[in-house]
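A short worksheet on the structure shown next.
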2 protein chains.
Amino acid sequence: MNMFDINPSQAAPIWRQIEEGMRRMISLGTLAPGDTVPSVRELAQQLRVNPNTVARAYQRLTDAGVFAVRRGEGTFVSEEPTQLKKSERHDTLREAATRYAGTAVSVGATLDDASRELGNSYERVVREHRRKA
Amino acid sequence: MNMFDINPSQAAPIWRQIEEGMRRMISLGTLAPGDTVPSVRELAQQLRVNPNTVARAYQRLTDAGVFAVRRGEGTFVSEEPTQLKKSERHDTLREAATRYAGTAVSVGATLDDASRELGNSYERVVREHRRKA
DNA sequence: CCTACTGTATTGGTAACCTAATACACTGGT
DNA sequence: ACCAGTGTATTAGGTTACCAATACAGTAGG
C-alpha cells in the first residue's frame with residue numbers, strides 16, 4: 001500500500017512523522033484493525049529512510065498498543081487499536097492548540113484568521129490521506 | 001517589567017520561546033514601539049537562563065527589524081516594528097495550522113473539537129500576556 | 001537445513017542546544 | 001576620568017536527540 005509522505009527538512013523528527021502518520025491513517029479508517037503494515041525495511045526503502053527510524057516509530061506504536069507484533073512474521077494493526085484515553089487525547093490536543101495559538105498571536109493573526117486556516121489545513125490533511133489509500 | 005515564562009523542558013528551544021514571546025507582546029500591544037526592553041543580562045537573570053541565550057533571541061529580533069539597538073544604551077522596540085510580510089505571515093500560519101490539524105486528526109478529533117480547543121487556547125494565551133503587563 | 005524475510009539491539013558519528021567564562025567597544029552618569 | 005551598564009564576540013564543555021551501519025534473534029517456507 002502507498003503510505004504518506006515524510007519531510008526530512010522539518011522540525012519534527014522523522015520517526016514522529018511516521019508515528020503520527022500511522023495514527024492518522026487509523027483514525028481515518030485507511031488502516032483497519034488486523035491489516036498488515038509494511039515491514040520496517042520496506043517502508044524504510046519507500047520513504048528513503050533508515051530502517052532504524054521506522055523501527056523506532058513501530059516500537060512506540062507497539063508499546064502504545066496500536067500495533068501488534070508477531071516476531072518473524074510482521075507487524076499488524078492491533079485488533080483493539082488502543083485509542084488514547086480521553087484525557088490523554090484532550091491533553092495532546094490542548095498542547096498542540098496552545099502552540100498553534102501562540103504562533104498565530106505572534107504573527108498578528110486574529111482568532112478568525114487562525115480558525116479559517118485551521119479549516120483549510122484540516123480538510124487538506126484528510127484529503128491527502130484519502131488520496132493515498 | 002514582568003515578562004513571560006519559558007519552559008526549558010519543551011521541544012522548542014529557549015531562544016525561540018523568547019523570540020516568539022516578544023513578538024506576542026508586541027502584537028498584543030503590551031510592548032509598544034519605542035519601549036525599552038530588559039537588558040540581556042537582566043532578562044537572563046529573570047528567566048534563570050544564560051545571557052547568551054537571551055542575546056541570541058535579541059539578535060534575531062534585531063536582524064528582523066523588530067528591535068532596535070543603540071550601542072551602550074540598550075535595546076528598544078523598533079519605531080516601525082517590521083511586521084512580517086503578509087505572505088510570510090500567511091506561510092507561517094499555514095505551516096502551524098498544518099501541524100495542528102495533523103495531530104488533531106491523529107488523535108481522532110473532529111474539526112469542531114480542534115476549533116473549540118483553538119478558541120480556548122487563543123483566549124488563554126492573550127489573557128496570560130495581559131496579566132503580565 | 002537453509003534461505004529469506006521479520007523485528008530488535010548495539011554502537012558510532014553528527015548536529016543542535018544550553019551553559020559558562022572572558023573579553024571588547026560603546027554610552028551615560030557621577 | 002572613572003565606573004557601571006549596555007550589546008556583542010569568542011571559545012570551550014557537556015548533554016541530548018537523531019540518524020546510520022551493522023550484527024543479532026526469531027519465524028516461515030522451500
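Within region A:20-31, is there a residue that is modelled with pLDDT of 95 or more and within 15 Å of DNA strand C (Cβ to nearest atom)? The answer is yes, given that some residue of region A:20-31 is modelled with pLDDT of 95 or more and within 15 Å of DNA strand C (Cβ to nearest atom). Of the residues B:ASP113, B:ASP91, the single one that is in a helix (DSSP H, G or I), at pLDDT below 95 and open to solvent by 30 Å² or more (accessible area, probe 1.4 Å) is B:ASP91. Taking the conditions (1) acidic (Asp, Glu); (2) within 14 Å of another protein chain (Cβ to nearest Cβ); (3) within 16 Å of DNA strand D (Cβ to nearest atom) in turn, B:GLU128 satisfies each one other than (3). In summary, helices (runs of 4 or more DSSP H) completely within region B:1-81 and bearing 3 or more residues that are among the hydroxyl-bearing types (Ser, Thr, Tyr), over 27 Å from A:LEU111 (Cβ atoms) and open to solvent by less than 70 Å² (accessible area, probe 1.4 Å) occur at B:51-63.
Count of region B:61-81 residues, restricted to those that are β-branched (Val, Ile, Thr), more than 9 Å from DNA strand D (Cβ to nearest atom) and in contact with a Phe, Trp or Tyr (Cβ under 8 Å, 6 or more places away or on another chain), is 1. Look at region B:37-60: where a residue is within 14 Å of another protein chain (Cβ to nearest Cβ) and more than 8 Å from DNA strand D (Cβ to nearest atom) and a partner is of a type in the set (Asp, Glu) and in a helix (DSSP H, G or I), sitting 6+ places away or on another chain with Cβ atoms under 8 Å, you get B:ALA57/B:GLU19; B:ARG60/B:GLU19.
Between B:TYR122, B:TYR100, which is buried (at least 20 other Cβ atoms within 10 Å of the Cβ), within 10 Å of another protein chain (Cβ to nearest Cβ), in contact with a Leu (Cβ under 6 Å, 6 or more places away or on another chain) and modelled with pLDDT of 95 or more?
That would be B:TYR122, the only listed residue that is buried (at least 20 other Cβ atoms within 10 Å of the Cβ), within 10 Å of another protein chain (Cβ to nearest Cβ), in contact with a Leu (Cβ under 6 Å, 6 or more places away or on another chain) and modelled with pLDDT of 95 or more.
The values are calculated or read from the model by the stated rules, or taken from the named source; none is laboratory data. These figures come from a predicted structure and were not determined experimentally. Note that each Cβ is placed from the backbone with ideal geometry, even for glycine, and that neighbours are counted across all protein chains shown. Calculation scope for accessible area: heavy atoms of the full protein, side chains included, ligands and nucleic acids excluded. Shrake-Rupley method; radii C 1.70, N 1.55, O 1.52, S 1.80 Å.
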